[in-house]
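A quick write-up on the structure given underneath.
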Amino acid sequence: MRLEQMRRIADQIGLKDKSREAVCLMEIDGMTGYAAARQLDISLSTVSRAHARFRSAMNQLTRRSS
């Protein structure tokens, strides 16, 4: 995934800054949710929810494009 694609999806679903950073660390850098949460000093549940919202939005966009 390219960074610009990730940003566009994050904008569409209204991810806040820390959640956006966590998703970026996971999707672009391949970091685990646990590692992203520790690095950003946010809860793992926050990271998990943000990533789930992001993946759901990404899947919906992919299905529409097919």
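The values are calculated or read from the model by the stated rules, or taken from the named source; none is laboratory data. If you're wondering where the values come from, they're calculated on a predicted model, not measured in any experiment. All Cβ positions, glycine included, derive from the backbone under ideal geometry; neighbour counts span all protein chains shown. Each accessible area value is taken on the protein alone, full model and side chains, heavy atoms only, with ligands, DNA and RNA left out. Shrake-Rupley method; radii C 1.70, N 1.55, O 1.52, S 1.80 Å.
Residue count for region 27-54 satisfying the condition of being assigned to a helix (DSSP H, G or I), at pLDDT 95 or above and of a type outside the set (S, T, Y): 15.
In region 12-32, the residues that are open to solvent by 60 Å² or more (accessible area, probe 1.4 Å) form Cβ pairs under 8 Å with partners that are modelled with pLDDT of 95 or more and β-branched (V, I, T), at six or more places apart or across chains, as follows: K18/I42; K18/T46.
Scan region 40-49 and give yes if some residue there is on the phi > 0 side of the Ramachandran plot, without any contact (Cβ under 8 Å) to a residue 60 or more places away in the chain and among the charged types (D, E, K, R), otherwise no.
Yes: region 40-49 contains one or more residues that are on the phi > 0 side of the Ramachandran plot, without any contact (Cβ under 8 Å) to a residue 60 or more places away in the chain and among the charged types (D, E, K, R).
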